[in-house]
Every structure is written in C-alpha cells, then in structure tokens.
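One structure, pasted below without further comment.
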Amino acid sequence: MKGFLMEKFDEIVIGAGPGGVAAASRLQSAGHKVMIVENNLYGGTCPNFGCDPKKMLYAAVETRQRARQMTGFGVQSAPEINWPELMEFKRGYTRAIPGGTEEGLKHSGVKTVHGTARFTAEHTIMVGDESYQATNFVIATGHRPAILDIPGKEYFMTSTDFLDLDCLPDELIFVGGGFVSFELANIAHQAGATVHLIHHNERPLKRFDEEEVQQLVELMRDSGIDVQLNASPTEIRKVGNQFEVVLADGRSITADQVYAGTGRVANIEALDLAKANVEFSRRGVHVDQYLQTTNEHVFAIGDVTDLNIPKLTPIAGYMSRYLVAHILGKSSVPFALPVVPEITFSTTELAQVGVTTDAAKADSKHYQVKDLDVTGWYSYNRTKEQVARVKVVIDCTNNLVVGAAVLSSTAEDLINQFMWLIDQHITHKELLNKVFAYPSVASDLQYFA
C-alpha cells in the first residue's frame with residue numbers, strides 16, 4: 001500500500017530557499033540523513049524572482065543613470081534600455097537556478113521532494129500522498145507579497161510578475177511605500193514607463209532615516225516618477241484593458257498594471273502547524289532564542305519566523321549556520337544577529353546599519369549624530385551626483401561609530417565599510433593607521449569617523 005512504510009530522516013527541511021538549502025547541505029555534510037521539500041522553484045525567492053534578478057535589471061538602470069549624470073561632462077547622451085534584451089539577460093541567469101540548486105542538493109546526498117508539505121503529527125509530514133518522518137524539522141518556507149484587501153484586489157500583480165515581464169507596459173502603479181515599490185518603480189521609470197507610486201501615509205521606507213527618505217522621494221519626483229503620499233487606495237476597477245485605482249479622497253489613477261508593494265506575509269497556511277503543536281501568528285512562526293518552536297523538534301529560520309528582524313537573504317543564511325551548529329551540538333549560545341546593513345536600490349541608493357538616527361536622537365545623552373552633505377566631495381563630484389549625504393552615529397561614551405545612514409549611488413559599498421568599522425569596534429585612531437586604496441569610497445571613512 002502506497003504511503004504505508006514511511007521513510008525516516010534525521011532532519012526534514014521544508015523550503016528550498018537560501019536558508020533551507022544551506023541548512024540541508026550542512027546537515028547532510030555532517031553525516032545526517034536529510035530531506036528537503038519545495039513547492040515552487042528550488043533556490044527560493046531571492047535567486048529566482050527576488051533580489052538577484054532585480055539587481056540584474058538594476059545594472060542597466062545604474063548604467064543609464066550614471067550616463068545621465070555625466071551628460072555634458074564628457075558624455076553626450078544616456079543610452080536607452082531595451083527591455084526584451086534586458087529581460088533575456090536576466091533569464092539567462094535565473095533559468096539555471098532551480099535545476100542547478102536541486103542537482104547540487106542531490107549530489108551532496110540530500111533527498112529532494114517536490115510538493116507542498118503539511119504536518120500530520122509532531123514528527124510526521126505528508127507531501128502529496130506520501131508520508132515522511134524525521135527527528136527534527138526545519139521550517140524555511142519564506143514569505144510572499146501581501147495583497148491589500150480592497151475591492152478589485154484580484155487585479156494586483158506582484159514583484160514576481162514584474163521581474164519576468166516580456167514587455168514593459170506604458171504606465172504602471174505601485175501601491176505601497178516599501179523596498180519593493182521604490183526599487184521596481186525606479187527600474188520601470190528608467191526603462192521608459194510612466195510610473196505612479198502611492199503610499200497611505202507621509203512616511204514611506206520607515207526603517208530608514210526620515211530626512212534621507214524625504215530627499216530620495218524628491219529625487220524620484222524630479223526624475224519624473226509620480227510619488228503620492230497620504231494617498232490610500234480603496235478600490236481597483238477594470239476599465240477596458242486598463243485598471244483604475246480609486247483613492248480615499250475621491251481621485252483616481254489609471255494605468256496598464258497595478259502592483260502590490262504593501263509588505264509581505266509568512267508562508268505558513270498550508271503547513272497545518274497545529275498538528276505539530278507549533279504556535280504561530282499572522283507575523284510568522286513563533287521561535288525562541290534558539291530558533292526552536294513550541295515543538296522542541298521543530299525549528300524555523302528566515303523570513304517565516306515572527307522575529308522582529310530585517311527579512312533579508314543574508315540573515316536567512318546566518319540563521320541557517322547558527323541552527324545547524326545548534327542541532328549538531330556545537331553551540332549552546334542563544335541566537336543573536338551581528339550588525340546588519342540594509343539597502344534600497346532606488347533612484348539613488350539608501351542604506352543604513354547599526355544604531356538608527358531616530359534611536360540616536362531619542363537618546364541624545366548617549367549618542368551624537370554627524371550629518372554630512374558630501375555632494376561636493378571628490379568621490380561624488382567626479383560622477384556629478386545630485387545628492388550625497390552621510391549620517392554617522394557616535395557613541396559619546398567611547399567615541400566609537402555605532403551607526404550610519406547613507407544616501408548616494410555608492411551606498412552599497414560605503415555601508416559595508418561602516419558595518420566592518422562598527423562590528424570590529426574600530427577607533428578613529430586605529431582607522432587613521434589604515435591605508436586604503438585612494439581615491440575610493442573606502443578612503444573617505446577616515447573623514448566620517
């Protein structure tokens with residue numbers, strides 16, 4: 001009888017994204033018998049329809065933006081983006097991810113299964129009509145775009161759709177003021193589309209420095225993106241081949257496509273977690289300081305957890321490394337994150353790390369915030385940046401840099417330098433004794449600290 005004899009494993013990992021794949025591979029390498037289950041594409045969101053393909057599209061945007069800035073300073077004109085060619089470039093990368101990821105797992109000895117897993121007991125899951133048992137389970141199912149619950153919500157498209165468009169529409173609307181909307185709106189606009197971005201209050205990108213966000217919004221508006229704040233959508237209507245987004249104040253905007261960018265929700269509905277005595281909420285799976293759920297044999301990592309931490313691919317990988325060490329008995333310390341940089345790739349880059357400027361201002365006895373307009377500095381003048389700003393948070397008790405917020409086209413490089421400086425507790429004197437390649441963004445660190 002099919003499904004009568006259950007195959008047993010040391011660990012079953014549910015979700016083959018970066019965190020799940022890393023956990024499965026490491027546990028298998030340690031001599032454990034491991035199985036992994038995936039109901040979509042092996043590799044997960046980031047390499048298939050998330051950060052990696054987005055950054056490939058952004059490469060063309062960066063090239064065009066840099067050329068536009070240098071027009072009149074040795075460059076005659078900015079290139080146009082050929083969307084079909086750009087999309088084929090992206091697909092040349094992404095089409096190899098699922099197969100390559102699964103083959104790598106198989107080669108290491110991990111059993112791979114396609115389908116949706118659901119718990120039937122504390123140590124048992126079912127995938128299709130097959131049941132499997134394990135000593136431990138690792139939930140790594142990630143999260144997905146949240147869809148605003150308004151009439152016409154079925155007309156929303158998501159970032160997954162955008163990152164695989166054959167043709168770019170003439171006009172698009174992005175609803176929501178988070179990473180996704182700011183990044184994809186800029187890509188669409190630079191590729192030639194008319195773009196609207198609407199957000200329900202006056203504080204988009206709320207994890208970032210408010211003043212730098214305001215500057216970014218103005219840069220987007222100056223570039224031609226219609227950013228509307230305090231604009232709440234109440235309904236989406238289909239009008240011929242287009243869609244009309246009705247706002248709370250009675251106005252409306254019509255476009256060819258409407259994208260949801262109002263956050264993300266954990267992928268937990270299909271797991272039937274109650275059967276495994278695993279507690280959860282709308283925010284995700286509840287875990288303790290060891291990433292253990294309310295079932296001592298079930299753990300969770302990455303975006304599916306309810307931890308109040310950034311939901312980022314590198315963090316899923318970090319959690320994976322910690323959890324494997326914990327399961328193997330090599331570590332008994334509670335889980336803790338190091339300083340983690342965050343970045344938005346928009347009309348220019350916006351990044352932060354460590355103690356936020358908001359937290360520093362709220363505790364001015366202990367922290368000082370240095371606010372530097374660096375637009376005229378050599379590193380930014382040489383590429384004719386419109387705006388470049390760096391805020392540095394200093395701990396007044398020891399004069400160490402403990403936080404930074406950066407708005408510039410080189411923010412991704414500079415924020416990682418700040419991360420290193422904060423993590424290693426580098427003093428200004430020690431920094432002055434370092435010799436950096438010059439001129440470079442890194443060499444400017446000596447002037448910030």
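The values are calculated or read from the model by the stated rules, or taken from the named source; none is laboratory data. Computed from a predicted structure; not experimentally measured. A quick note on method: Cβ atoms are made from the backbone with ideal geometry, for glycine too, and the neighbour counts reach across all protein chains shown.
Condition first: of a type in the set (S, T, N, Q) and either exposed (fewer than 15 other Cβ atoms within 10 Å of the Cβ) or assigned by TED's automatic domain parsing to the domain that holds Ser409 (or both). Now tell me which residues in the stretch 233-261 satisfy that.
Applying the first criterion (of a type in the set (S, T, N, Q)) to the stretch 233-261 yields 234, 241-242, 252, 254, 257.
Scanning the stretch 233-261 gives a single hit, Asn241.
Can His200 be described as over 17 Å from Leu57 (Cβ atoms), outside the structural domain of Ile309 (by TED's automatic domain parsing), in a loop (DSSP other than H, G, I, E, B) and not aliphatic (A, V, I, L, M)? Before the answer, list the steps.
On the way: over 17 Å from Leu57 (Cβ atoms): yes; outside the structural domain of Ile309 (by TED's automatic domain parsing): yes; in a loop (DSSP other than H, G, I, E, B): yes; not aliphatic (A, V, I, L, M): yes.
Considered against the rule, which asks whether it is over 17 Å from Leu57 (Cβ atoms), outside the structural domain of Ile309 (by TED's automatic domain parsing), in a loop (DSSP other than H, G, I, E, B) and not aliphatic (A, V, I, L, M), His200 comes out as yes.
Determine which single condition Gly250 fails, assuming it passes every other condition in (1) part of a loop (DSSP other than H, G, I, E, B); (2) of a type in the set (Gly, Ala, Ser); (3) on the phi < 0 side of the Ramachandran plot.
Unmet for Gly250, out of (1) part of a loop (DSSP other than H, G, I, E, B); (2) of a type in the set (Gly, Ala, Ser); (3) on the phi < 0 side of the Ramachandran plot: (3).
How many residues are surrounded by fewer than 19 Cβ atoms within 10 Å (Cβ to Cβ) and not in a loop (DSSP other than H, G, I, E, B) when one looks only at the stretch 128-148?
Within the stretch 128-148, residues that are surrounded by fewer than 19 Cβ atoms within 10 Å (Cβ to Cβ) and not in a loop (DSSP other than H, G, I, E, B) number 5.
Something else now. For residues that are aliphatic (A, V, I, L, M) and in contact with a His (Cβ under 9 Å, 6 or more places away or on another chain), scanning just the stretch 378-401, find the one that is surrounded by the fewest Cβ atoms within 10 Å (Cβ to Cβ).
Going through the qualifying residues, I end up with Leu400.
Are there any helices (runs of 4 or more DSSP H) wholly within the stretch 1-110 with 1 or more residues that are of a type in the set (Asp, Glu) and at negative phi, and if so which? Outline the logic, then answer.
Numbers: elements: 18-29, 45-49, 51-70, 83-94, 97-108.
Result: 51-70, 83-94, 97-108.
What do you reckon, is Thr375 β-branched (Val, Ile, Thr), surrounded by fewer than 23 Cβ atoms within 10 Å (Cβ to Cβ) and out of contact with any helix residue (DSSP H, G or I) (no Cβ under 7 Å at 6 or more places or on another chain)?
On the way: β-branched (Val, Ile, Thr): yes; surrounded by fewer than 23 Cβ atoms within 10 Å (Cβ to Cβ): yes; out of contact with any helix residue (DSSP H, G or I) (no Cβ under 7 Å at 6 or more places or on another chain): yes.
Considered against the rule, which asks whether it is β-branched (Val, Ile, Thr), surrounded by fewer than 23 Cβ atoms within 10 Å (Cβ to Cβ) and out of contact with any helix residue (DSSP H, G or I) (no Cβ under 7 Å at 6 or more places or on another chain), Thr375 comes out as yes.
Here is a check on your reading of the model: is Leu172 out of contact with any Lys or Arg (no Cβ under 7 Å at 6 or more places or on another chain) and either crowded, with 19+ Cβ neighbours inside 10 Å or not charged (D, E, K, R) (or both)? Quick ask: steps written out before the conclusion?
Details: out of contact with any Lys or Arg (no Cβ under 7 Å at 6 or more places or on another chain): yes; either crowded, with 19+ Cβ neighbours inside 10 Å or not charged (D, E, K, R) (or both): yes.
Taking the combined requirement at face value, the residue satisfies it.
Quick one: in the stretch 1-42, of everything that is of a type in the set (Phe, Trp, Tyr) and over 16 Å from Ala134 (Cβ atoms), which residue is modelled with the highest pLDDT? Steps first, answer last, please.
From the stretch 1-42, those of a type in the set (Phe, Trp, Tyr) are 4, 9, 42; that's our starting set.
When the remaining residues are screened for being over 16 Å from Ala134 (Cβ atoms), the result is 4, 42.
On the way: Phe4: 61, Tyr42: 98.
Top of the filtered list is Tyr42.
Looking at (1) among the basic types (Lys, Arg); (2) within 29 Å of Ser29 (Cβ to Cβ); (3) in a strand (DSSP E or B), which is the only condition Arg321 fails?
Just one mismatch for Arg321, condition (3).
Return the total of residues in the stretch 300-315 being surrounded by fewer than 24 Cβ atoms within 10 Å (Cβ to Cβ), assigned to a loop (DSSP other than H, G, I, E, B) and out of contact with any Cys (no Cβ under 9 Å at 6 or more places or on another chain). Step through it out loud before you land on a result.
Let us first name the residues in the stretch 300-315 that are surrounded by fewer than 24 Cβ atoms within 10 Å (Cβ to Cβ), namely 306-315.
Within this subset, residues satisfying the condition of being assigned to a loop (DSSP other than H, G, I, E, B) are 306-312.
Filter again for out of contact with any Cys (no Cβ under 9 Å at 6 or more places or on another chain), leaving 306-311.
Residues flagged as surrounded by fewer than 24 Cβ atoms within 10 Å (Cβ to Cβ), assigned to a loop (DSSP other than H, G, I, E, B) and out of contact with any Cys (no Cβ under 9 Å at 6 or more places or on another chain) within the stretch 300-315 amount to 6.
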